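Presented below is the structure to which this report refers.
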Amino acid sequence: MKIGIIGAGNIGGNLTRRLTALGHDVSVANSRGPETLKDLAQETGATAVTAAEAARGARIVVVTVPLKSVPDLPSGILDGATDDVAVIDTGNYYPQQRDGRIAAIEDGLTESRWTEKQIGHPVIKAFNGTYAQDILDKGRPQGTPGRQALPVAGDDPAAKQAVRDLIDQLGFDTVDAGGIDESWRQQPGTPVYGNQGDADAIKKALADASPERTAEWRA
């Protein structure tokens, strides 16, 4: 499958490593240009491209950049992707540490709904509370007892299933976390954020989430 990854930090880099190892055709981009990704491309066999090129022909596109940088992505970032492209949003809102105040999120819009509005396309929220090293180390075959599970939220059933199937290939179970308006349940400061439990533990963590955002996660 053709996969585009926009952002080559810890999550983006490790997804590039695992997805190429699984045989997928991965294009990876960052904000500094493809020449800065030569080492990753050489290590993995991925194709280093500009952000504007990453989605071309892609069935799945991963947007894994700091939230404050989402509005700066090139216009038409998904031009050339397949008609049924599934877009994964891994982003988190860190107002104090990194992103500054984003008024719409402070007023109650979920992080991923805000991201949808910036890029003009529905997203599937996944990997946002996953430790990057787990992507490399924690994958297990389907049916393994205690297999780590990841929450996945989104409004498009077909796109969500495509993402869940991909996560299964990576070696993780998934739990349907509802639609994007419910994705606050996996934002920073919730019980599921950073949770390395199995499917039952993730279901409980999602159910235990409170919409009250703690002071740490407010601007």
Only helical DSSP H runs with n ≥ 4 go in: add -39500 (n - 2.57) per run for the chain, normalise by residue count and round the 222 nm mean residue ellipticity to 500 deg cm²/dmol. -8000 deg cm²/dmol
Karplus-derived 3J(HN,Hα) from phi for region 202-207 (6.51 cos²θ - 1.76 cosθ + 1.60, θ = phi - 60°), whole Hz, x at Gly and Pro, runs 5, 4, 5, 4, 5, 5
For the chain, modelled as a Gaussian network with Cα springs under 10 Å, which listed residue fluctuates most, Ala162, Ala177, Ala103? Ala103
At a Förster distance of 45 Å, what's the computed FRET efficiency of Ala158 paired with Ala215, Cβ-Cβ distance as r, to 0.05? 0.70
Accessible surface of Phe127 in the full protein assembly, 1.4 angstrom probe, to the nearest 10 Å²? 10 Å²
Percent of accessible area on the chain owned by carbon and sulfur, 1.4 Å probe? 45 percent
Accessible area, 1.4 Å probe, largest first: how do Thr130, Thr214 sort? Thr214, Thr130
At 37 °C and 0.692 mPa s, what whole-number value in µm²/s does Stokes-Einstein give for the translational diffusion of region 29-139, with Rh from the Kirkwood sum over Cα pairs? 216 µm²/s
Area of Asp198 that stays accessible when all protein chains are in place (1.4 Å probe, Å², to 10): 60 Å²
What ³J(HN,Hα) values, in whole Hz, does the Karplus curve 6.51 cos²θ - 1.76 cosθ + 1.60 give for region 89-96 when θ = phi - 60°, with x put for Gly and Pro? 9, 9, x, 9, 9, 10, x, 7
Enumerate the calculated ³J(HN,Hα) couplings along region 125-130 in order (Karplus 6.51 cos²θ - 1.76 cosθ + 1.60, θ = phi - 60°), each rounded to whole Hz, writing x wherever the residue is Gly or Pro. 8, 7, 6, 6, x, 9
Can you pull the one-decimal nm distance between simple spin-label points at Asp176 and Thr50, each 7 Å off the Cα toward Cβ? 4.1 nm
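How compact is the chain by the rule of thumb for globular proteins, expressed as Cα Rg over 2.2 N^0.38 Å?
Dividing the Cα radius of gyration by 2.2 N^0.38 Å gives 0.95.
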Connecting C-alpha atoms closer than 10 Å in a GNM of the chain, tell me which of Gly129, Gly12, Gly178 has the biggest fluctuation. Gly178
What lysines sit close enough to Lys117 to cross-link, taking a C-alpha to C-alpha distance under 26 Å and skipping anything fewer than 8 places away on the same chain? Lys2, Lys68, Lys125, Lys160
Heavy-atom accessible area per residue of the chain, all protein chains kept, 1.4 Å probe, expressed in Å², is 44 Å²
If I build a Gaussian network model for the chain, linking alpha-carbon pairs within less than 10 angstrom, which residue out of Arg147, Arg32, Arg17 has the largest mean-square fluctuation? Arg32
Per-pair calculated FRET efficiency, R0 = 22 Å: Ser31 and Asp84 via Cβ, rounded to 0.05: 0.20
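The values are calculated or read from the model by the stated rules, or taken from the named source; none is laboratory data. Nothing here was measured: the structure is a model prediction, and the numbers come from that model. Don't worry about glycine lacking a Cβ; one is built from the backbone with ideal geometry, like all the others, and counts go over all protein chains shown. SASA here: full protein model, heavy atoms, side chains in, ligands and nucleic acids out. Shrake-Rupley method; radii C 1.70, N 1.55, O 1.52, S 1.80 Å.
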